[in-house]
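To start, the structure itself, in structure tokens.
The values are calculated or read from the model by the stated rules, or taken from the named source; none is laboratory data. Nothing here was measured: the structure is a model prediction, and the numbers come from that model. Backbone-built Cβ (ideal geometry, glycine too); neighbour counts: all protein chains shown. Note: accessible area is taken over every heavy atom of the protein model, side chains too, but ligands, DNA and RNA are not part of it. Shrake-Rupley method; radii C 1.70, N 1.55, O 1.52, S 1.80 Å.
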Amino acid sequence: MLHRIVLTAAASAAALSTAPAASAAVPAVPAVSAVPAVPAMSAVPAATSAPGPVSHGTPVHARPVLMPPPAREEDSGDRLTVTVRGAGGDADGTYELRCHPSGGSHPDAAEACAELDRNTTWGKDPFAPVPPGTMCTMLYGGPATAHVTGTWAGRPVDARFDRTDGCEIARWDGLVPLLPSLGP
């Protein structure tokens, strides 16, 4: 299989290098004169590899994209500020959350950190907005809003939450107890 990939890449490169250049601004791809013998345990060419462990039989496009490590050492802490409005009662307010170890002014810091840990996987952002074009039920969950800022898993966080439709309600409920439980 690896030998086939190398031969296909070499043939593609050779075909591209012999095609006339569309414009002078686009450099031509150099021709590959010979394909070296590939040992059985060599790495997959960069054009076909994806970060992370290689799973034979899994197409490259189906593998999850891994997030790079934090760019700065000071970004490695897990600290969040949660501001909740319109939830009513004791749920409204601004809370600080620190994890690993858990602490801060959040009413349930240990469980909030544990839930965030469960929702954090490589290639998935637990604070991501609902993707555009998603079909959502027209269910209104109330006027509550939340704004979460800070750093989680070495990444900056600036996420807004509301309960304006079924998708937003599910997004909110997926982060309870970081956000207050407002369900039935």
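Listed by first and then second residue, the pairs linking a residue in region 122-143 that is in contact (Cβ under 8 Å) with a residue 40 or more places away in the chain and surrounded by fewer than 10 Cβ atoms within 10 Å (Cβ to Cβ) to a residue that is of a type in the set (Lys, Arg) and in a loop (DSSP other than H, G, I, E, B), with Cβ atoms under 9 Å apart and 6 or more places separating them unless they lie on different chains, form an empty list. Of the residues in region 73-80, none is closer than 18 Å to residue 183 by Cα and open to solvent by 40 Å² or more (accessible area, probe 1.4 Å). With the requirement that a residue be open to solvent by 60 Å² or more (accessible area, probe 1.4 Å) and at pLDDT 95 or above, what does region 111-121 give you? Selection gives 111 alone.
Taking residues in region 144-171 that are closer than 12 Å to residue 79 by Cα and in contact (Cβ under 8 Å) with a residue 40 or more places away in the chain, and partners anywhere that are of a type in the set (D, E, K, R) and buried (at least 18 other Cβ atoms within 10 Å of the Cβ), the pairs with Cβ atoms closer than 9 Å and at least 6 places apart or on different chains are 150/78; 151/78; 152/78; 153/78; 154/78. Taken together, 90, 158 contain a single residue that is outside any loop (DSSP other than H, G, I, E, B), farther than 12 Å from residue 80 by Cβ, open to solvent by 20 Å² or more (accessible area, probe 1.4 Å) and of a type in the set (D, E, K, R), which is 90.
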